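Colleague: I have a structure here, written as structure tokens, and I will follow up with some questions on it.
The values are calculated or read from the model by the stated rules, or taken from the named source; none is laboratory data. Keep in mind it's a predicted model, so treat the numbers as computed, not measured. Because the Cβ atoms are built from the backbone with ideal geometry, glycine has one as well, and the counts that use them run over all protein chains shown.
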Amino acid sequence: MSDAILVLNAGSSSLKFSVFPGHETPSRQGLICEGECEGIGHRVHFTAKDRAGASLVDAYLTEGTTHEDALAALLRWLDDRFVDIQLVAAGHRVVHGGSLYIAPVLIDASVAAELRRLVPLAPLHQPHNLAAIDALSKLHPTLPQIACFDTAFHHTQSEVTTAFALPRRLAAEGIRRYGFHGLSYEYIASVLPDILGPAAADGRVVVAHLGSGASLCAIRGRKSVATTMGFTALDGLPMSRRCGNLDPGVILYLMQEKGMTATEVSHLLYNESGLFGVSGISDDMRTLLASGDPLAEQAVALFVYRIDRELGSMAAALGGIDALVFTAGIGEHAAEIRRRVCADAAWLGVDLDQGANAAGGVRITRPGSQTTGWVIPTDEDLMIALHTWNLLSAAAAPLDSHANNGSQQA
């Protein structure tokens, strides 16, 4: 019987999962399986593949399946399909760790209570992260669960970087810039030496995590220096349905002059804005790029413009830029977005290689480019598995040490 680690990333209507070996350092090569339960609350589509991409299951669960139902189905399937493995821990992506959690932590009642307090800061994500934790606690109460935070990577930023120009009493209550997508940025930082080389990896790097959620991160010495998201995941770049950077006076206007409630404004900013709001067509970049509608082009143009505006900000925070890395769904797959961003960033020394960019990388700039450009696939699941494994190993070390000392004395 071999140990295994379950990684869970729960959304409003989906439960993504992967399973890695738990008896050795997790790696992508050692992946046991990965998949998703999509359509939670309706008719859930349950799929899984092995490390080679071969389908292991493709089935539909009953109508009205909840997070707990989907997780129960997943656990049953794992038991039936992989009779020679046993789960020793579960690692969860948790979007917000607040000021308290700067590293992965074993979840207990006090941790869960603190994470619930942070729900208003990440309303699209935190409740569903917690739903998966609660469900697994009921279904597998003795299984250790580890929370891995999207905010943790950014705790290396300076106090000046994270501060708002608000009264100090509010800062003392935790109103500050946090930053998100940290698990993705942490993974990219971990592989930079292998791809850019050790010296360049410690240089001035801006990573563009461009997906349904989008942000930039300025990294030096493989540590976060600045990022575009702030107190919540609404800030920075326009996203699929989130507004990105917004004059707070707009919110005051909507409430005072348009009579909108806080709930209505929240729904507008989180669900009706971004690419979808500007285009009125879709929140999917593939659809917008393929469309001939002028409003679709306006949405794409705004997305690119804001990336390049913020890219200048990240370069300023670093005192220059040596490398630009694209990652996540749009960053990894939308060559046209990369082309436009790099064209606008020529003033930063980015000299795009059109052929390499069309082919998808890994390096997408010419040999003489002052600022190098790269496409590096992210792997948040592996990062969570590594954190979970390391925390388990650290917890087991004192026990092992005690056991060894006892045998020597005997």
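Yes or no, residue by residue, for (1) touching an Asp or Glu at 6+ places or on another chain (Cβ under 8 Å); (2) closer than 30 Å to Val105 by Cα; (3) of a type in the set (A, V, I, L, M); (4) not assigned by TED's automatic domain parsing to the domain that holds Leu246:
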| residue | (1), (2), (3), (4) |
| --- | --- |
| Tyr305 | yes, no, no, no |
| Glu310 | no, no, no, no |
| Thr327 | no, yes, no, no |
| Gly368 | yes, no, no, no |
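Colleague: Continuing with this model, one more query. Report the residue count in the range 228-270 for those that are within 30 Å of Ala315 (Cα to Cα), small (Gly, Ala, Ser) and part of a loop (DSSP other than H, G, I, E, B).
Modeller: 5
Colleague: Only strands (runs of 3 or more DSSP E) wholly contained in the range 32-118 count here; list those with 2 or more residues that are within 23 Å of Gly22 (Cα to Cα), in contact with a His (Cβ under 9 Å, 6 or more places away or on another chain) and small (Gly, Ala, Ser).
Modeller: 85-94
Colleague: What helices (runs of 4 or more DSSP H) lie completely within the range 271-384 and have 3 or more residues being buried (at least 17 other Cβ atoms within 10 Å of the Cβ) and touching a residue at least 12 places away in the same chain (Cβ under 8 Å)?
Modeller: The helices (runs of 4 or more DSSP H) meeting that bar are 274-279, 294-318, 328-333, 335-344.
Colleague: Now a separate question. Do we have any residue at all in the range 131-147 that's modelled with pLDDT of 95 or more, touching a Gly at 6+ places or on another chain (Cβ under 7 Å) and of a type outside the set (D, E, K, R)?
Modeller: The answer is yes; a qualifying residue exists.
Colleague: On to the next question. Out of the residues in the range 3-49 that are hydroxyl-bearing (Ser, Thr, Tyr) and at pLDDT below 90, state the one that is surrounded by the fewest Cβ atoms within 10 Å (Cβ to Cβ).
Modeller: My answer is Ser12.
Colleague: Can you tell me how many residues in the range 171-181 are at pLDDT 95 or above and assigned to a helix (DSSP H, G or I)?
Modeller: Of the residues in that region, 0 qualify.
Colleague: In the set Arg93, Arg117, which member is touching a Cys at 6+ places or on another chain (Cβ under 8 Å), among the charged types (D, E, K, R) and within 30 Å of Val207 (Cβ to Cβ)?
Modeller: Unique residue meeting the criteria: Arg93.
Colleague: Starting from residues that are out of contact with any helix residue (DSSP H, G or I) (no Cβ under 9 Å at 6 or more places or on another chain) and among the hydroxyl-bearing types (Ser, Thr, Tyr), keep the ones in the range 102-154 and report whichever is surrounded by the most Cβ atoms within 10 Å (Cβ to Cβ).
Modeller: Ser110
Colleague: Turning to a different aspect of this structure: Residues in the range 50-73 that are at pLDDT 90 or above, surrounded by fewer than 16 Cβ atoms within 10 Å (Cβ to Cβ) and not hydroxyl-bearing (Ser, Thr, Tyr): how many?
Modeller: 9
Colleague: What number of residues within the range 190-209 are surrounded by fewer than 24 Cβ atoms within 10 Å (Cβ to Cβ), small (Gly, Ala, Ser) and closer than 13 Å to Trp374 by Cβ?
Modeller: 4
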